[in-house]
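Comments concern the structure below.
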Amino acid sequence: MEIKINKLQHIGVPVTNLQVSLAFYRELGFEQVTGSPFNHHGKTGNMAMMKHDQIIMELYQLPGDDLEEIRTRKDGHVDHVALDVSDIDGTFSELKKASFQIIEEQPVFLPFWEKGCKYFNILGPDGERLEFNQIL
């Protein structure tokens, strides 16, 4: 069987406070393109699709009683989402000035790809790691 996959459609990120996460991603330049309530075990949760160019992040908050499901989840977690940038040092400086929680003290070089790459990570409101990466 051959399945034709066109592109990455979106990345789903569970959050504990949708409004806090919306503000965080907006500050990174994402805009909300849609949002909707959804049913989860007979209760109502909420989701928002945030878009930045071709990147779509689905942020979803489970109903209040089910938030512990996000905090204690043992499987299905994504380690990080990597965002491609053209100027890693400039991006690092801008996010540092804007007081984002940056994990590394400076962009880190890795000998990946032909000439290497540089990256750093920030933490989102629920501890999700967003990596900013430039292939050199």
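The values are calculated or read from the model by the stated rules, or taken from the named source; none is laboratory data. What you see is a predicted model, and the numbers here were worked out from it, not measured in a lab. Note: ideal-geometry Cβ built from the backbone for every residue, glycine included; neighbour counts use all protein chains shown. For accessibility, only protein heavy atoms count, side chains too; no ligands or nucleic acids. Shrake-Rupley method; radii C 1.70, N 1.55, O 1.52, S 1.80 Å.
The listed residues 87, 53, 126 rank as 53, 87, 126 when sorted by accessible area, largest first, using a 1.4 Å probe.
The C-alpha atoms of the chain define a longest principal axis, and helix 18-27 lies at about 20 degrees to it. For the chain, the longest principal axis of the alpha carbon atoms and the long axis of helix 88-97 meet at an angle near 60°. Among the listed pairs 51/118; 4/51; 51/115; 96/118; 7/115, those whose Cα-Cα separation exceeds 28 Å are 51/115. Mean-square fluctuations from a GNM of the chain, with a 10 angstrom spring cutoff on Cα atoms, peak among 58, 114, 105 at 114. DSSP finds beta bridges in the chain, and of those with both partners inside it, around 75 percent are antiparallel. Which entry is the computed Cα extents along the principal axes in Å for this structure: (1) 51, 47, 30; (2) 59, 30, 20; (3) 44, 30, 23? The listed entry that was calculated here is (1). Taking 0.36 nm per residue of sequence separation and removing the Cα-Cα distance, the residue 98/residue 40 pair yields an extension gain of 17.3 nm. Loop-located GluC sites (Glu not before Pro) across the range 1-39 with a Cβ neighbour count of 14 or fewer within 10 Å are 2, with loop assigned by DSSP. Running a GNM on the chain with Cα contacts under 10 Å, which residue among 39, 17, 121 ends up with the highest mean-square fluctuation? Maximum fluctuation in the GNM of the chain, among the listed residues, is at 39. Under 5 Å from the amide H of residue 83 lie the amide H atoms of 131, 132, 133, each residue being 5 or more positions distant or on a separate chain, with H modelled from the backbone and absent for Pro and chain starts.
Here the chain is scanned for chymotrypsin sites (Phe, Trp or Tyr not before Pro) in DSSP loops (not H, G, I, E, B) that have at most 15 other Cβ atoms within 10 Å, and the longest stretch holding none of them is 1-111.
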